[in-house]
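Below is one structure, written out as structure tokens; comments come after it.
The values are calculated or read from the model by the stated rules, or taken from the named source; none is laboratory data. Everything quoted here is computed from the prediction, not taken from an experiment. Glycine also receives a Cβ, built like all others from the backbone with ideal geometry; neighbour counts cover every protein chain displayed.
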Amino acid sequence: MAKNTSSKHIDALKTVLNSAPLGSKNQQVKDNALTLTLRVLLAIKPSQIEEAVQSLEIELIDVLMKYVYKGFESPSEGSSGHLLVWHEKAYNIGGVGSIVRVLADTKRA
Amino acid sequence: MSQVVHRFGNIYAPITCHAWNKNRTQIALSPNNHEVHIYERNGSDWKLLDILNQHDLRVMGIDWGPNTNRIVTCAVDRNAYVWTQGEDKKWKPTLVLLRINRAATCVKWSPDENKFAVGSGARLISVCYFESENDWWVSKHIKKPIRSTITSIDWHPNNVLLVAGSADFKVRVFSAYIKDIEKTPEPTPWGTKMPLGQLMVEFVNSSCGGGWIHNVVFSPDGNKICWVSHDSTINIADATKGNAVTKLRAQYLPFLSCIWMTNNSLVVAGHSCIPILYNLTTDGQLVFGAKLDTSQKKQAGGLSAMNIFQSLDKRSTSEVNDTKLDSVHQNAITSICQYSGEKGNIKSFSTSGMDGLLVIWDVMTLEKTIAGLKII
């Protein structure tokens, strides 16, 4: 049962990252996607983050990194610590290149 | 040694750009100001031969035509000069009117050296050629559809096509055909009709938007282009495969310069301070080859507690802040030039950067010393 929910969490992560409306001009759409993505990120336990990040393609790591930084902008109770774990694991794969792309890309989270 | 480090006199300023003469005995470089220094190799040392002092503002580009032995320079003062060597071995400038109202950013001789192209902040490219009747250099403009500063240009081996990278996040291939001085060009995979200024193809750097182009180069056979941009990606477009673009999202800081070693492998370098080799597989994928800089951090006399306190005392600091990087270059690498070998089979290349160093990297010895390094 526990394994099942964790794999569903990873599916949810892939879905929100794949359908992220980064290029959208509609702020409402972007805000909704941000809220939803952060909900997924914070629902995944720190112990499962490694596994979740491993299953992502490099393009999605970049998208993930954008949401991690966006999440830092509006912290809630305990969210920043949780997002730092995401940041660490994503950084291990994407390197500084991934962080550079958060800054350089014009289509942002 | 697989790499040799050079410093020129007392120059500790960044080296903006450098260019070699034909037999690699002399080098022209700008120490981040309005001057161009010419050095001659003297054993392992360098002798300052001449200072080309004509520009008013910072020099942005230097190119040395190997066969005609002419140097072209361009600068922020919106001028370009063609330098020719007189009988007395002194360099004489000829002003080229580029007709631009912003800084000139980059300059390149065409392969035949009968014309050169200058990119600028005026959102245009000046293609210049010598008109013997009037005894001066004429410049023709390529304007459309450039939307921002041209940051890098390169010539196709056919002496006609020109690729330009721009700060509007796009790479464009133009025709720079001058009908007064050359005959009609043969068709290429990039297109068949080539009047001056014709846009052959345009590439957007990234589907994620952004990433201005730092450097763009044609492959030795002219069928591919490679560009590096500020989003830390390396991109290759192949005209023989319907302009398909291969993109590699690198793990490093953005690359500022790239050079093709062969038609299938290239070296990039930039803010990470190390040159890195990438190979193009037969199915068109770009894969990591190797870091060419294998230097280890120098432990000055071991790390005994006594040494640490002595060094703290000497520098009168209270923290251990070792700022030395474990790479040969101690700051960003801004330009790469071919040093030996021919186009398409480069044996060694030179890099210069913000640390004021010039390093010559020998590919043959690198290939032997680095495990798994293979140039295809």
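Assorted remarks:
- Scan the range A:50-81 for residues that are of a type in the set (A, V, I, L, M), within 11 Å of another protein chain (Cβ to nearest Cβ) and farther than 18 Å from residue A:36 by Cβ and the total you get is 2.
- Taking each residue of the range A:22-47 that is free of Cβ contacts under 8 Å to residues at least 60 places away in the same chain and looking for partners that are charged (D, E, K, R) with beta-carbon atoms closer than 7 Å, six or more apart or interchain, yields A:24/A:30.
- Residue match in the range A:45-56 (condition: out of contact with any Lys or Arg (no Cβ under 8 Å at 6 or more places or on another chain), under 22 Å from residue B:248 (Cα atoms) and surrounded by fewer than 20 Cβ atoms within 10 Å (Cβ to Cβ)): yes
- Within the range B:182-201, not a single residue is in contact with an Asp or Glu (Cβ under 7 Å, 6 or more places away or on another chain) and either modelled with pLDDT of 95 or more or more than 30 Å from residue B:132 (Cα to Cα) (or both).
- Unique residue being out of contact with any Lys or Arg (no Cβ under 7 Å at 6 or more places or on another chain) and more than 30 Å from residue B:161 (Cβ to Cβ) when the list is B:95, B:48: B:48
- The helices (runs of 4 or more DSSP H) found wholly in the range A:1-104 and carrying at least 2 residues that are polar (S, T, N, Q) occupy A:2-18, A:27-43, A:46-54, A:79-104.
- From the list B:338, B:330, the lone residue that is in a loop (DSSP other than H, G, I, E, B) and within 23 Å of residue B:229 (Cα to Cα) is B:330.
- Any chance residue B:345 is at pLDDT below 90 and either in contact with a Cys (Cβ under 6 Å, 6 or more places away or on another chain) or of a type in the set (S, T, N, Q) (or both): no
- From the options A:41, A:84, residue that is away from chain B (no Cβ under 11 Å) and surrounded by 22 or more Cβ atoms within 10 Å (Cβ to Cβ): A:41
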